[in-house]
Amino acid sequence: MRNEPAVAAFCFIQIKKVRVRYLVIILSVLFIYSCKDHAPANADNANPVFQSDPNLKSITDQINKTPKDATLYFQRGTLLHKMQIDTLAIKDYKTAASLDTNKAEYLSAVGELLFENRDISSSVEWLQKAIAKNPTDRKAHLKIAKLFLYIRKYPEAFGEINIVLRRDVYDPEAYFLKGMIYKDIKDTAKAISTFLTAEQVAPEYRDAILQLGVLYSAKKDSIALKYFDKAFKIDSTDVFPLFAKGVFYQDKKNYEMAKEEYKQCIVRNRHYADAYFNMGYVYMQQDSVAKAYRQYDIVTKIDPGNPTAYYNRGLCNERLDSIKKAVDDYQLAAALDSTYRSPKEALARLKKRN
């Protein structure tokens, strides 16, 4: 324990001896703290990224004028997240939370972003802070529910979701997450029913609509096509619904319709590797090996780390009697994924032939 009276007496003697020197130090300290009050709360405001976009620059200019305004950091963090600059977004969200400790939404924003970036333990910590600050924070409860779903603790996930639904029986995200739990535990009937509820309370809730398409497609029910069409109409920048329609037709062995959907996919997104891959599969079923080869070859260029693309290109080369090229492809596939058995078996097969 410090002896405060002794310290006070000592300081009094020293001040008498060097009054001027201590006065200078005290004034210097006061000056430093004064500067801190006016300094930006985030030392990264000079980052060139903040000048790279007009909206970012505008918010940053406002932050420099009023550096203690938490809402500005939260707004900039949201904009950075939309631009997929999550490292800086997390910093801004944390700054907002430190400047305004009463806003649960700032805390849950940090937790949500950490979760999206797979920092699970840190995510839980921030989400729990948000709930402690505001027990009714729906975003925090639903994000924790996602976390429990991710680690397959289903009763805990249901518990978090039900907290939200008790406050708002029309929350579509809560129903969507319930549907995802039922899907995960293979209760397809309850999953479909819950996704339908999500669509009923929010007719444009695209995630639930897509899941309905996927589940009905797995049942080979053509109603799936209606849901994929609806999802694509809501957001035509995402071509997955077109690809999913192709898979539906492919599973039905309606290869011409499948190819049409894959072609539409590629027209709208020429980098959509799965569409080329499945097109290759369809051509293989139709004995158009040369055409299939071209599709798999494209995939190896779009996604050069994809071992399955090299393996399938190898199969095409083998059927086209380009044995050396087939061996090269199988070896590449095996090198990319040491656990992938098919290319190893193919190499062994070709070795026996020789």
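The values are calculated or read from the model by the stated rules, or taken from the named source; none is laboratory data. These numbers were taken from a predicted model, which means no experiment stands behind them. Neighbour counts are summed over all protein chains in view; Cβ atoms, including those assigned to glycine, are modelled from backbone coordinates with ideal geometry.
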Examine the stretch 284-293 for a residue that is assigned to a helix (DSSP H, G or I), in contact (Cβ under 8 Å) with a residue 24 or more places away in the chain and within 30 Å of residue 223 (Cβ to Cβ), and state whether such a residue exists. yes
Would you kindly identify the helices (runs of 4 or more DSSP H) lying entirely within the stretch 63-136 that contain at least 3 residues that are among the acidic types (Asp, Glu) and under 22 Å from residue 164 (Cα atoms)? 104-116
Within the bounds of the stretch 204-211, is there any residue that is farther than 23 Å from residue 123 by Cβ, touching an Asp or Glu at 6+ places or on another chain (Cβ under 8 Å) and in a loop (DSSP other than H, G, I, E, B)? yes
Can you pull out the residues in the stretch 309-328 that are surrounded by 15 or more Cβ atoms within 10 Å (Cβ to Cβ) and aliphatic (A, V, I, L, M)? 309, 315, 326, 327
Give the residue that is surrounded by the most Cβ atoms within 10 Å (Cβ to Cβ), with candidates limited to residues of the stretch 261-273 that are of a type outside the set (Lys, Arg) and within 18 Å of residue 225 (Cβ to Cβ). 262
Which condition from (1) at pLDDT 50 or above; (2) closer than 25 Å to residue 116 by Cβ is the one that residue 41 breaks? (1)
Residue 236 being of a type in the set (Gly, Ala, Ser), part of a loop (DSSP other than H, G, I, E, B) and in contact with a helix residue (DSSP H, G or I) (Cβ under 9 Å, 6 or more places away or on another chain): yes
Is it true that residue 258 is part of a helix (DSSP H, G or I) and crowded, with 21+ Cβ neighbours inside 10 Å? yes
Within the stretch 189-245, tally of residues that are among the basic types (Lys, Arg), without any contact (Cβ under 8 Å) to a residue 24 or more places away in the chain and surrounded by fewer than 19 Cβ atoms within 10 Å (Cβ to Cβ): 4
Pairs returned, first residue in the stretch 99-110 that is under 13 Å from residue 134 (Cα atoms), second residue that is of a type in the set (Ser, Thr, Tyr), beta-carbon separation under 7 angstrom, 6 or more apart or interchain, are 106/93
Taking the stretch 62-86, which residues are of a type in the set (D, E, K, R) and modelled with pLDDT under 90? 82, 86
